[in-house]
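Reviewing the structure listed below.
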Amino acid sequence: MNSIFDGCKSLKSLPDISKWKTNNVKNMNGLFKGCKEVEELPDISNWKTKNVKKIHKLSYGCKKIKKNTNTKYWKKNHINNYKNDKNKEYDFDD
């Protein structure tokens with residue numbers, strides 16, 4: 001899933017990705033990176049992230065997205081790099 005929507009600058013909304021099977025995904029780096037016009041992410045709170053190792057810059061450059069709590073309950077203790085972007089577009093709850 002690395003950079004799937006990366007650079008979709010004119011995309012205003014994302015399709016319903018809430019039911020994507022993410023059980024075996026290892027890399028979510030830059031998944032929504034550069035989606036400048038998107039204001040809200042779909043509900044991805046139920047994505048299975050137990051195998052994800054990389055999640056750096058998940059929504060980097062998405063300046064219109066308000067703080068995203070959809071990732072609040074993701075399992076993250078195994079993720080190597082979940083640095084928040086300067087705008088804190090996603091939230092991890094310890």
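Only the coordinates and a few stated rules stand behind these numbers; no lab work does. The shown structure was predicted, so the numbers you read here are calculated from the model rather than taken from an experiment. Cβ: placed from backbone, ideal geometry, glycine included. Neighbour counts: every protein chain shown.
May I ask which of Lys21/Lys63; Lys12/Lys53; Lys26/Lys64; Lys26/Lys57 have a Cα-Cα span longer than 25 Å here?
Among Lys21/Lys63; Lys12/Lys53; Lys26/Lys64; Lys26/Lys57, the Cα-Cα distance tops 25 Å for Lys21/Lys63; Lys12/Lys53; Lys26/Lys64.
Going by amide H atoms built from the backbone, whose H comes under 5 Å of the H on Thr71, apart from near neighbours?
When sequence neighbours closer than 5 places are left aside, the close amide H contacts are Asp91.
Arrange the peptides 47-57, 26-36 so that the one whose residues have, on average, the most other Cβ atoms within 10 Å appears first.
Working: 47-57: 18.3, 26-36: 20.1.
Descending mean neighbour count gives 26-36, 47-57.
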